[in-house]
Amino acid sequence: MITNTIVETESPEEFIEEIEKAQDCLPKKIDANPKTVEKGLAKLVLTLIELIRKLLEKQAMRRVEAGSLSEEEIEKVGETLMKLENKMDELKGIFGLKDEELNLNLGPLGDLM
Amino acid sequence: MIALAHGHRTTSVGFQAEKVKMNNAVIKSKEITLLEILDRVLDKGVVISGDIVISVADVDLIYLGLKVLLSSVETIEKLRGSPFVGPMQEAR
Amino acid sequence: MKLYLYGIIDSSSQIKQSIYGLEGAGVYNIPFCDIGAAVSEICRPPQNITEDAVLEHEAIVEKLMADFTVLPVRFQTVIEGRDNLLSMMRGYYKDFKDNMERLHNKFEFSIKVIWPADKIKENIIKALKKDEQKKLDLDSSSGKRFMKEKFEKYKIDKEFDAKADKFIKVMDIFFSKFAAEKKNKKLKTENLLMDAVYLVEKDNERNFREAFEHVKSSRPDFKYLFSGPWPAYNFVVLSKKSCLPRDSEQADLFDKVTKDQILVGADSI
């Protein structure tokens, strides 16, 4: 069966690599096993915490950029964000979750992060 | 220009090196063509839902199927391209 | 009677071409008012997603594309019985008609562009080092050091994103000149700068192709993928309000959210 549409590229391997990388965050088959349900809950909670943490970090960066933080505030915010990041790394380690896994697909709205 | 031609045969055992190289390029172009097609037919276009639709292509299975399909494509193509496979066997 | 659905066509007449579908059965048109559903009868519901099945499906849709405006239907859509098919057509009739009008005589083309993300970031880092304003002192305190590192990364990412926008904008000027509609996914991965689809009128195909070649030659350090003509998979728009049975109130609520396009959270993280 021959299709008339052409797919033209001089670099098929590179495109295959990038396309597959982009698809790595696709939702996996739903599994109702109790062990995975527990892990699923942890994933959900950690995803939401990650969202907030990233929002806070971004907000802090904007304020640094605008110059609206004092030296003392920069130090305090930095300490807090650092502790938060370390805590999250610890929790991810405990539940065996990777960064790419902590995301939510909202269907037509795209991915959460 | 890469138009997808399906069902080509590898018959001769000579010029192995060149054939493997050509087959590699052919394999990769087939793979990219398949990816382009899959991206479209699996969940774009008219997507109808409801009780009247009996479809095995469940959303979860689709994404699972994509990975499975791609690895099976590679296996099939490797077998087809291999100069050591005798008369063309359908690898199913 | 199981009907495998390939596409919705803008005709109530018979399909003149001899097209063979799954299980070797003939593809024919089941009309509804002035449009129709291109189907073939199958005995066994499709089991697996195989390479052959996908290629076969796509080839059939493209054959239909030669004679009709086709709204391609998702792979392995099977409807039980003619009555159900006709009630589906009734429910989606307005949607289908609207799409037919918009998509008549137009095809979809895909352009993907890979750029060297690492090199781009290297250049950004070099440029940033040049005009570094010491916003943060080199302090030994850990909080400040953390912030400095994060801020540097933030600046690089921001500049990287801005560069992506710039390149896409420039390329898009050329492509969209000949396109009726377009969609783009920016930076799906760091290297995949652009993943775009364009809806191009049949008569503009050559111009569109030339525009692509022009962009390609003016920026040879990038990598390009061009594909088409496809049936307008990415440009079919179905309003969520159909006459099909709804599952629950929650589904309606979700629809309201998507229709009003409320964005979740702040800008993209």
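The values are calculated or read from the model by the stated rules, or taken from the named source; none is laboratory data. Nothing here was measured: the structure is a model prediction, and the numbers come from that model. Counting neighbours? That spans all protein chains shown, and the Cβs are built from the backbone with ideal geometry, glycine included.
For segment C:167-186, state whether one or more residues are aliphatic (A, V, I, L, M) and in a strand (DSSP E or B).
So far as segment C:167-186 goes, yes, one or more of its residues are aliphatic (A, V, I, L, M) and in a strand (DSSP E or B).
Examine segment C:100-110 for a residue that is surrounded by 13 or more Cβ atoms within 10 Å (Cβ to Cβ) and more than 20 Å from the chain's Cα centre (by Cα), and state whether such a residue exists.
There is no residue in segment C:100-110 that is surrounded by 13 or more Cβ atoms within 10 Å (Cβ to Cβ) and more than 20 Å from the chain's Cα centre (by Cα).
As an exercise: evaluate C:R90 against (1) within 16 Å of B:S49 (Cα to Cα); (2) in a helix (DSSP H, G or I); (3) without any contact (Cβ under 8 Å) to a residue 40 or more places away in the chain and give the number of the one condition it does not meet.
(3)
When you go through A:K76, A:K29, A:K83, A:K58 one by one, which is the residue that is of a type in the set (K, R) and modelled with pLDDT under 90?
Result of the check over A:K76, A:K29, A:K83, A:K58: A:K29.
Hey, among the residues in segment C:171-228 that are of a type in the set (S, T, N, Q) and within 14 Å of chain A (Cβ to nearest Cβ), which one's nearest to B:L35 (Cα to Cα)?
Looking at the filtered set, the residue picked out is C:S227.
Right, C:T77: out of contact with any helix residue (DSSP H, G or I) (no Cβ under 8 Å at 6 or more places or on another chain), crowded, with 22+ Cβ neighbours inside 10 Å and β-branched (V, I, T) or not?
When the stated conditions are applied, C:T77 passes them.
State the number of residues belonging to segment A:15-26 that are surrounded by fewer than 18 Cβ atoms within 10 Å (Cβ to Cβ) and either within 7 Å of chain C (Cβ to nearest Cβ) or modelled with pLDDT of 60 or more (or both).
Within segment A:15-26, residues that are surrounded by fewer than 18 Cβ atoms within 10 Å (Cβ to Cβ) and either within 7 Å of chain C (Cβ to nearest Cβ) or modelled with pLDDT of 60 or more (or both) number 6.
What strands (runs of 3 or more DSSP E) lie completely within segment C:1-65 and have 2 or more residues being in contact with a Leu (Cβ under 9 Å, 6 or more places away or on another chain), within 13 Å of chain B (Cβ to nearest Cβ) and at pLDDT 95 or above?
Here the list reads C:2-9, C:35-42.
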